[in-house]
């Protein structure tokens with residue numbers, strides 16, 4: 001019987017990648033859309049579950065929220081450590097306008 005070779009990342013590997021700010025923004029937008037569909041109370045329960053247990057996700061939606069949350073958190077932590085974070089001031093009106101653009 002012929003065997004097929006498949007390249008796989010080692011299970012214990014930590015892969016370093018570069019991610020652009022626009023890719024991160026797209027991930028954040030996707031997470032916001034999933035959060036809207038999930039609802040605030042259910043989302044709060046999910047974040048508590050992720051933080052306090054090793055319990056597997058109940059469904060694909062939970063898994064997607066978990067993966068995006070972890071990815072975004074790691075990228076933001078790396079960006080901060082590498083000096084790529086800046087603080088800007090916005091008026092309440094500007095923040096409201098930015099939020100409208102997300103919808």
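Below, the figures for the structure above:
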item: Identity of the residue in the stretch 46-103, outside any helix (DSSP H, G or I) and closer than 21 Å to residue 36 by Cβ, that ends up modelled with the highest pLDDT; result: 59
item: Any pair with Cβ under 7 angstrom, 6 or more apart, that starts in the stretch 54-80 at a residue that is free of Cβ contacts under 8 Å to residues at least 24 places away in the same chain and ends at one that is in a helix (DSSP H, G or I); result: 55/49; 57/63; 57/66; 62/46; 66/50
item: Residues satisfying the stated conditions in the stretch 34-60, i.e. surrounded by 12 or more Cβ atoms within 10 Å (Cβ to Cβ) and within 22 Å of residue 100 (Cα to Cα); result: 34, 35, 36, 38, 43
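The values are calculated or read from the model by the stated rules, or taken from the named source; none is laboratory data. Predicted model only: the values in this text are computed from it and were never measured. FYI the Cβ positions are ideal-geometry reconstructions off the backbone, even for glycines, and counts take in every protein chain you see.
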